[in-house]
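For reference, the structure is listed below as structure tokens.
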């Protein structure tokens, strides 16, 4: 069957067990969903009904309402860009740099100070709210740039809007993006983080956040969809991930719930094509912070919304749930973890959904989408559209 609309929801970092090459990344034993379930009385009946919990052991569930399986990562990294690029049909052999142990090299910091004319403070791995409350007053006093990383492959720059306008901060980030294209400093994203408020009450302006990612090195299926006059809608950070490539409608989101609300609004619209949404709170607020309870509650909050989402689907719609990598909140450090990801296909038209064979790459998602819309076959991935009956 061919679908008129496909909705792709990426549960950012919700891995379901170590990948076959996890040892190469120091991630043997990682299991984001499994360890959350082990450490918290997780209540997700709606996600369970469409097979999410079955992806942990790939056990058979004859009462399931969706096709379910897992997909193995087949890229050079365990970061957001690598996972999403693979999903959309291009090989990603660039292992983007992370600097979460010792901060950024002094050579890069010197270059940042030179091109911006401002002193750099921070230069360490931290979460967003912690570092602006730690260094926000100092930034106000000296007009410095707070530079930090979230443990992802990113370089983030925060500044108070009263001292450095968001527009000026964006111009600085563009300059830093150029600096970080050098091989020794190659991070996946440079991120502008303007903030407001006073001492003890500093607050990030999430609406003012702007990402400067590495652009996809090759054409993705998004390009072919756009070239063939299909809608390509991005909710949340999807637009930033793909550097606005061939996306013709963008909706920013300040949280998982905001992204879900925007998704359900879009589902009421008439269109033909692909709508993508990334739920990034799982990763940024809970995975990197090693917050098991927060992660678990966020999954439960999503579970409550699942019936609303499914009920809004039309008979010729397809809903796909997956993830881009893992970020086990029980694991050592604060970095992503190399894991397989869940892969769930739901449609009201399905007659007998069931467990599928394990998929050897996330690229099968993009290949299936491409097959559905009769566009060019991506360079990697195999369509499983014919199996979805």
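The values are calculated or read from the model by the stated rules, or taken from the named source; none is laboratory data. No experiment lies behind these values; they were computed from the predicted model shown. Methodologically, a virtual Cβ is constructed for each residue, glycine included, from the backbone with ideal geometry; neighbour enumeration extends over all protein chains shown.
Sort out which residues of region 353-374 are within 22 Å of the chain's Cα centre (by Cα) and free of Cβ contacts under 8 Å to residues at least 60 places away in the same chain, and write them in order of number.
368
Please specify each residue of region 116-142 satisfying the condition of being in contact with a strand residue (DSSP E or B) (Cβ under 8 Å, 6 or more places away or on another chain), surrounded by fewer than 16 Cβ atoms within 10 Å (Cβ to Cβ) and assigned to a loop (DSSP other than H, G, I, E, B).
119
When the residues of region 198-222 are narrowed to those that are over 19 Å from residue 154 (Cα atoms), touching a strand residue (DSSP E or B) at 6+ places or on another chain (Cβ under 9 Å) and crowded, with 17+ Cβ neighbours inside 10 Å, which ends up modelled with the lowest pLDDT? Break it down stepwise before answering.
Narrowing region 198-222 to residues over 19 Å from residue 154 (Cα atoms): 198-203, 218-222.
Checking which are touching a strand residue (DSSP E or B) at 6+ places or on another chain (Cβ under 9 Å) leaves us with 202-203, 221-222.
Imposing the further condition that a residue be crowded, with 17+ Cβ neighbours inside 10 Å reduces the set to 202, 221-222.
On the way: 202: 93, 221: 96, 222: 96.
Checking each candidate, the answer is 202.
Within region 1-31, which residues are within 12 Å of residue 328 (Cβ to Cβ), surrounded by 23 or more Cβ atoms within 10 Å (Cβ to Cβ) and in contact with a helix residue (DSSP H, G or I) (Cβ under 7 Å, 6 or more places away or on another chain)?
Of everything in region 1-31, those that are within 12 Å of residue 328 (Cβ to Cβ), surrounded by 23 or more Cβ atoms within 10 Å (Cβ to Cβ) and in contact with a helix residue (DSSP H, G or I) (Cβ under 7 Å, 6 or more places away or on another chain) turn out to be 13, 14, 15, 16, 17, 30.
Out of 302, 362, which single residue is touching a strand residue (DSSP E or B) at 6+ places or on another chain (Cβ under 6 Å) and either buried (at least 16 other Cβ atoms within 10 Å of the Cβ) or over 29 Å from residue 290 (Cα atoms) (or both)?
Details: 302 fails: touching a strand residue (DSSP E or B) at 6+ places or on another chain (Cβ under 6 Å).
Going through 302, 362 in turn, just one is touching a strand residue (DSSP E or B) at 6+ places or on another chain (Cβ under 6 Å) and either buried (at least 16 other Cβ atoms within 10 Å of the Cβ) or over 29 Å from residue 290 (Cα atoms) (or both): 362.
Take the residues of region 179-197 that are in a helix (DSSP H, G or I) and either outside the structural domain of residue 146 (by TED's automatic domain parsing) or in contact (Cβ under 8 Å) with a residue 40 or more places away in the chain (or both): which is surrounded by the fewest Cβ atoms within 10 Å (Cβ to Cβ)?
Of the residues in region 179-197, the ones in a helix (DSSP H, G or I) are 179, 183-185.
Keeping just the survivors that are either outside the structural domain of residue 146 (by TED's automatic domain parsing) or in contact (Cβ under 8 Å) with a residue 40 or more places away in the chain (or both) gives 179, 184-185.
Details: 179: 16, 184: 9, 185: 18.
Only one residue fits best here, namely 184.
Does region 96-103 include one or more residues that are in contact with a helix residue (DSSP H, G or I) (Cβ under 6 Å, 6 or more places away or on another chain) and either more than 12 Å from residue 187 (Cβ to Cβ) or part of a loop (DSSP other than H, G, I, E, B) (or both)?
Initially, region 96-103 is screened for residues in contact with a helix residue (DSSP H, G or I) (Cβ under 6 Å, 6 or more places away or on another chain), giving none.
No: region 96-103 contains no residue that is in contact with a helix residue (DSSP H, G or I) (Cβ under 6 Å, 6 or more places away or on another chain) and either more than 12 Å from residue 187 (Cβ to Cβ) or part of a loop (DSSP other than H, G, I, E, B) (or both).
So if I check each of 243, 171, which one is assigned by TED's automatic domain parsing to the domain that holds residue 127 and either part of a loop (DSSP other than H, G, I, E, B) or without any contact (Cβ under 8 Å) to a residue 24 or more places away in the chain (or both)?
Of the residues listed, the single one that is assigned by TED's automatic domain parsing to the domain that holds residue 127 and either part of a loop (DSSP other than H, G, I, E, B) or without any contact (Cβ under 8 Å) to a residue 24 or more places away in the chain (or both) is 171.
Residue 152 - would you say it is touching a residue at least 60 places away in the same chain (Cβ under 8 Å), assigned to a helix (DSSP H, G or I) and over 19 Å from residue 112 (Cα atoms)? Explain how you work it out, then say what you get.
On the way: touching a residue at least 60 places away in the same chain (Cβ under 8 Å): yes; assigned to a helix (DSSP H, G or I): no; over 19 Å from residue 112 (Cα atoms): yes.
It is false that residue 152 is touching a residue at least 60 places away in the same chain (Cβ under 8 Å), assigned to a helix (DSSP H, G or I) and over 19 Å from residue 112 (Cα atoms).
Looking only at residues in region 69-91 that are modelled with pLDDT under 95 and surrounded by fewer than 24 Cβ atoms within 10 Å (Cβ to Cβ), which one is farthest from residue 172 (Cα to Cα)?
74
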